[in-house]
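First the structure, which I've put down as structure tokens, then a few questions once you've had a look.
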Amino acid sequence: MERPFLMHCKSGADRTGLVATLYLMVKEGQTVAQARKQLSFRYLHIRRTSTGILDHFFDVYEARNAQAPIAIEEWIKTEYDRDALTESFAQKQAALKFWQGWR
């Protein structure tokens, strides 16, 4: 794709943020921490909602990458498990709701 280019999704926050984060990591060589700034409230992404699964996706990748470096494209192709990620995100959200109830 020629640059500059425009990415947009229905609301402009979550899918666009996901693709922008991946683009910055894969094509621009940015770290997860640098690139994931595309998934921020600045762009109307709210981590504590169901779209927080995108943040969880990068959290899981970042933890795996810390064990032994692996490119995100390789991780997605060989290790990423959508069902496991969805389940671990649901557990994380349930624990968060539990602890919020204790306040």
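Taking region 47-93 only, how many residues are surrounded by 14 or more Cβ atoms within 10 Å (Cβ to Cβ), within 13 Å of GLY17 (Cα to Cα) and free of Cβ contacts under 8 Å to residues at least 40 places away in the same chain?
Looking only at that region, the number is 5.
Within the bounds of region 24-37, is there any residue that is in a loop (DSSP other than H, G, I, E, B) and touching a helix residue (DSSP H, G or I) at 6+ places or on another chain (Cβ under 7 Å)?
Within region 24-37, one or more residues are in a loop (DSSP other than H, G, I, E, B) and touching a helix residue (DSSP H, G or I) at 6+ places or on another chain (Cβ under 7 Å).
Show the residue pairs that are 6+ apart or on different chains and have beta-carbon atoms under 7 Å apart, the first residue being within region 24-37 and crowded, with 16+ Cβ neighbours inside 10 Å, the second being assigned to a loop (DSSP other than H, G, I, E, B).
Final answer for the pair search is LEU24/GLN30.
Report the residue count in region 1-46 for those that are aliphatic (A, V, I, L, M) and at pLDDT 80 or above.
Count: 11.
The values are calculated or read from the model by the stated rules, or taken from the named source; none is laboratory data. Everything numeric here is computed off the predicted structure, so don't read it as measured data. So basically every Cβ, Gly included, is an ideal-geometry build from the backbone, and we count neighbours across all protein chains shown.
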